[in-house]
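Written out below as C-alpha cells is the structure these notes cover.
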Amino acid sequence: MPIEIVTTVSQMHKISSSLKRAGKKIGFVPTMGFLHQGHLSLIRKSKEFCDVTVVSVFVNPSQFAPNEDFAAYPRDFERDKELLISEGVDFVFIPSEREIYPHSFQTYVTVEEITSKLEGEFRPTHFRGVTTVVTILFNCVKPDYAFFGQKDAQQAEVIKQMVSDLKFDIKVIVCPIVREPDGLALSSRNIYFSPEERKSALVLYKALKYAEKMIEGLERDSRTVIDIMKCIISEEKNVKIDYIKIVNAEGFREDEFIEQGNIYYILIAARIGKTRLIDNSKIFLKP
C-alpha cells in the first residue's frame, strides 16, 4: 500500500478508528523530522511488531525554550517522505502547528520528579512540551506500540512514566542508540557541526566507553568514574560539559555506588560550539 499523508487531526482520528475496527495493531514513531538511521531503526522495529506503522513529523514548539533553535531546527519533508516510502511506512502524520495547538489551547501534561533533574534543570519547560505533544499524538494515532530511542534516555523514561500513570493502553519500546562508524550518536543536530566540531564531539563517546570499562573492571564509585570522564572530555577545548551523571534507571536517581543487579545510565550533556548534544550508555551488572 502506498504511503498516505495525513495532515489533520480529524483525518488521523478516522484512520486510527478504522484500523482499530479492522483489528490492526498500530505502531507509532513520533519524530520532529530530518530523519536519520536512528529514526529508521525505530520504524523497522515497529514493522516487526505491528500490522500498520504511523510516523509523525512535527517540530514541536512547546518543547523549545525562547533561546533554543526552534526556527533553525532542520526541516526537509521531501527528503523525509522519500525515506519513509523506502521503509514502507503506511501513514505519515504531518499536522500544522495550529492543528495541534489551536488558539484556544490551554491544557498541558506534566510528569513530576523525574523531569526536575538533568535535562529538566537545563531546560525547565522542555519535558512539559514533550509530554503534552506526545499525549496529543497518542490520542490522534491510538497506537498499540510506541517506539522511542535510547539516545533521549530521560525522555523515554518520562514517557514510560506518563503512560503508566495515565493508564494509556500502549506498550512503549525503547530501542538502542544508532551511531556513526566512529561512535558519534546520530542526531538531527549533527548537521550544525563544523568539521573541527564534528571531530571534537567524538570525545563524548570516548568518555562513555572508558566509563564502561571502568565499571566492568569493578570500579563502583560513581564520583570516581565521573571525574575520569571529565578529565577525558577536558582534552577537547571545543566541548563544554553541562552535566555527567550516573543514574539508576529506576527513577533516574543518582546512586553514590554502582551496585550489581541494577540497570544504570551514564549520561552526558555537552555543548560543542553552539550545538548541544546528549549521549548515554546503559549498563547492567549481573548479580
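The values are calculated or read from the model by the stated rules, or taken from the named source; none is laboratory data. Keep in mind it's a predicted model, so treat the numbers as computed, not measured. Note that each Cβ is placed from the backbone with ideal geometry, even for glycine, and that neighbours are counted across all protein chains shown. The area values use the complete protein model at the heavy-atom level, side chains included, leaving out ligands, DNA and RNA. Shrake-Rupley method; radii C 1.70, N 1.55, O 1.52, S 1.80 Å.
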- Item | Members of the stretch 45-66 found to be free of Cβ contacts under 8 Å to residues at least 12 places away in the same chain and charged (D, E, K, R), listed by number | GLU48
- Task: Determine which member of the set GLU121, GLU157 is charged (D, E, K, R), open to solvent by 10 Å² or more (accessible area, probe 1.4 Å) and under 22 Å from VAL239 (Cα atoms).
- Result: GLU121
- Query: Somewhere in the stretch 205-216, is a residue more than 22 Å from VAL29 (Cα to Cα) and among the β-branched types (Val, Ile, Thr)?
  - Reply: yes
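Do we find a residue being out of contact with any helix residue (DSSP H, G or I) (no Cβ under 9 Å at 6 or more places or on another chain), assigned to a helix (DSSP H, G or I) and surrounded by 15 or more Cβ atoms within 10 Å (Cβ to Cβ) anywhere in the stretch 56-66? Before the answer, list the steps.
Looking only at the stretch 56-66, we keep the residues that are out of contact with any helix residue (DSSP H, G or I) (no Cβ under 9 Å at 6 or more places or on another chain), and these are 66.
Of the ones still in play, those that are also assigned to a helix (DSSP H, G or I) are none.
Looking through the stretch 56-66, none of the residues is out of contact with any helix residue (DSSP H, G or I) (no Cβ under 9 Å at 6 or more places or on another chain), assigned to a helix (DSSP H, G or I) and surrounded by 15 or more Cβ atoms within 10 Å (Cβ to Cβ).
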- Would you check which residues across the stretch 1-55 are touching a Pro at 6+ places or on another chain (Cβ under 7 Å), assigned to a loop (DSSP other than H, G, I, E, B) and either among the acidic types (Asp, Glu) or buried (at least 17 other Cβ atoms within 10 Å of the Cβ) (or both) and list them? PHE34
- Query: Just one of PHE147, PHE138 is part of a strand (DSSP E or B), touching a residue at least 60 places away in the same chain (Cβ under 8 Å) and aromatic (Phe, Trp, Tyr); which is it?
  - Reply: PHE147
